[in-house]
1. Out of the residues in the stretch 191-230 that are open to solvent by 40 Å² or more (accessible area, probe 1.4 Å) and over 24 Å from Cys129 (Cα atoms), which is nearest to the chain's Cα centre (by Cα)?
2. Which of the residues belonging to the stretch 172-192 are closer than 29 Å to Ser213 by Cβ and in contact (Cβ under 8 Å) with a residue 12 or more places away in the chain?
3. Would you confirm, using the coordinates I've provided, whether Ile134 is assigned to a helix (DSSP H, G or I) and open to solvent by less than 70 Å² (accessible area, probe 1.4 Å)?
4. Which condition number does Gly233 fail, the rest of (1) free of Cβ contacts under 8 Å to residues at least 12 places away in the same chain; (2) open to solvent by 70 Å² or more (accessible area, probe 1.4 Å) being met?
5. Looking for something over 16 Å from Val121 (Cβ atoms), surrounded by 18 or more Cβ atoms within 10 Å (Cβ to Cβ) and either modelled with pLDDT of 85 or more or of a type in the set (A, V, I, L, M) (or both) - is there at least one such residue anywhere in the stretch 165-183?
6. So which residues in the stretch 1-40 are closer than 16 Å to Leu51 by Cα and exposed (fewer than 14 other Cβ atoms within 10 Å of the Cβ), if there are any at all?
7. Specify the residue that is nearest to Gly206 (Cα to Cα); the eligible residues are those in the stretch 158-187 that are in contact with a helix residue (DSSP H, G or I) (Cβ under 9 Å, 6 or more places away or on another chain) and hydroxyl-bearing (Ser, Thr, Tyr).
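The values are calculated or read from the model by the stated rules, or taken from the named source; none is laboratory data. This one's a predicted model, so the numbers in the text were calculated from it and none came from an experiment. Methodologically, a virtual Cβ is constructed for each residue, glycine included, from the backbone with ideal geometry; neighbour enumeration extends over all protein chains shown. Protein only, heavy atoms only, side chains kept; ligands, DNA and RNA dropped before computing areas. Shrake-Rupley method; radii C 1.70, N 1.55, O 1.52, S 1.80 Å.
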Amino acid sequence: MEYFIVINGQQQGPFSLEALRAQNITPDTLVWAQGMPNWVAASQVAELQPLFFAQSQRAQPQQPQPTQPFNQQGPGTGPYHGGQGQQSPSQDPTEMLSKPVDQVAGALDDGGLYRKWMPTVYMVLGVVCCIIPILYLIGVVDGGAFKRGLSTVAAILNIIIALGAGIIGLFYWTNRRNAIKQLISQDAPTLSIVGHFLQSAGECAGLLYYCSSAAIILITSIFTGLDSSGRAGSIIMNGFGVAVNDIITGLVILCLGRFLGEIAKKKSAEPAA
């Protein structure tokens, strides 16, 4: 069996029984081994008692004991984990499972998670802005829009609008990413960082996504209506209504994002109570 020991307030080990002979432990030295519920004095371990007899025969001087009592841990928690490069015995399974959760909760509380990943989130959103037009183009081609008269013109115009919105979105999120990196480098409050993201998301969704969607729907309804017989008016009016609804929704999201962003920046600038 291998034992951990405490010398001058520091955990050392593990040591085999033979290796402990060279450590000059005393009956009062605290020891711990796998399967023991707590730290105990070495004199309470029958396997270690011959070591003290051999030491007394050699009249070896005793090791000085810690000036302060060692903090013994509760049953099943294992020995002290302090010190560099020391081997840690097995931990309680409950502690092993709760530790990652505590780390994530702590990162959320102090804003570490936001600061570390927020620039990456901005970059991903910029890439997504470019992927959406490509998916739209694939959908238009699969739908056969280029084979139906005036619908071909509408498809070309819509693709131009979607690609333009995607490129603008990429540059927008790149610009905002540089701004958030500057905030992080200045050690800005977490609330200010979250507010920056809310404002950016509101502006991008409100101005780019919903407005470009409204334009695409309006163009599609106009050319589809002109290409149909007898239903042009209803198709165009229906598309106009959907486009207006998208524009209103976009403006609401834009205003909401900016409103939440301004509140967050104002709160972060206020001195702590």
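1. Leu191
2. Initial filter on the stretch 172-192 (closer than 29 Å to Ser213 by Cβ): 172-180.
Within the stretch 172-192, Tyr172, Trp173, Thr174, Arg176, Arg177, Ala179, Ile180 qualify.
3. no
4. (2)
5. Yes: the stretch 165-183 contains one or more residues that are over 16 Å from Val121 (Cβ atoms), surrounded by 18 or more Cβ atoms within 10 Å (Cβ to Cβ) and either modelled with pLDDT of 85 or more or of a type in the set (A, V, I, L, M) (or both).
6. Those that are closer than 16 Å to Leu51 by Cα and exposed (fewer than 14 other Cβ atoms within 10 Å of the Cβ): Met1, Ser16, Leu17, Glu18, Ala19, Ala22, Asp28.
7. Tyr172
Rundown of residues vs (1) more than 26 Å from Lys116 (Cα to Cα); (2) of a type in the set (Lys, Arg), yes/no style:
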| position | (1), (2) |
| --- | --- |
| Ile180 | no, no |
| Pro189 | no, no |
| Glu203 | no, no |
| Leu208 | yes, no |
| Arg231 | yes, yes |
| Gly239 | yes, no |
| Leu251 | yes, no |
| Leu256 | no, no |
